[in-house]
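Below: one structure, written as structure tokens.
The values are calculated or read from the model by the stated rules, or taken from the named source; none is laboratory data. Just so we're clear, the structure is a prediction, and the values are computed from it rather than from any experiment. Cβ placement follows ideal geometry from the backbone for every residue including glycine, while neighbour counts extend to all protein chains displayed.
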Amino acid sequence: MIIVDTSVWIDYFNGKISKETDSLDTMLGNQEILLGDLILTEILQGFQEDRLFREAQNMLEGFPVVPMLGVPLAIKSAKNYRTLRKQGVIVRKTIDVMIGTYCIEHRISLLYADRDFDPIVRHLGLQYVL
């Protein structure tokens, strides 16, 4: 079971070929992919055309969607952000710390193409997939 970050889904929907989108393509239908509610929001908000929005929504709703936050994980995410900041690492998007924290706490690997996750891997033990 894995979670695929927004960065990979966006590249996938845009037809960008990369090692991450190739991995996603291989995993589709062969591995259980969870979709976080935060990731679902990020993906869908990027579609400008209503038709493409609906097509993506229909596809993505075929995956199990899990809530990624709540009070305990919100606090843990804040602690993780502070831990990184104390080490001189500033993550540009708080939502990436939330996603990373969810994956760490649930021991789920993350497929991503966003450098903000690199320090979460190095300093907090996030497991990643290639």
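A few remarks follow.
- If you check ILE99, ILE43, ILE39, ILE104 for being of a type in the set (Val, Ile, Thr), over 14 Å from VAL8 (Cα atoms) and either touching a residue at least 40 places away in the same chain (Cβ under 8 Å) or part of a helix (DSSP H, G or I) (or both), only one passes: ILE104.
- Pairs linking a residue in region 112-124 that is on the phi > 0 side of the Ramachandran plot to a residue that is among the polar types (S, T, N, Q) and surrounded by fewer than 18 Cβ atoms within 10 Å (Cβ to Cβ), with Cβ atoms under 9 Å and 6 or more positions apart or on different chains, do not occur.
- Taking region 1-60 as the range and being closer than 17 Å to GLN127 by Cα and in contact with an Asp or Glu (Cβ under 8 Å, 6 or more places away or on another chain) as the test, the residues that pass are MET1, ILE2, ASP5, THR6, SER7, VAL8, GLU20.
Okay, residues lined up against (1) touching a His at 6+ places or on another chain (Cβ under 9 Å); (2) farther than 18 Å from ILE39 by Cα; (3) loosely packed, with under 12 Cβ neighbours inside 10 Å; (4) at pLDDT below 95:
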{"site": "LEU60", "(1), (2), (3), (4)": "no, no, no, no"}
{"site": "VAL65", "(1), (2), (3), (4)": "no, no, no, no"}
{"site": "VAL91", "(1), (2), (3), (4)": "no, no, no, yes"}
{"site": "CYS103", "(1), (2), (3), (4)": "no, no, no, no"}
{"site": "ARG107", "(1), (2), (3), (4)": "no, no, yes, no"}
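- Between LEU110, LEU124, the distinction of being of a type in the set (A, V, I, L, M), under 15 Å from the mean Cα position of the chain (by Cα) and within 18 Å of ILE2 (Cβ to Cβ) belongs to LEU110 only.
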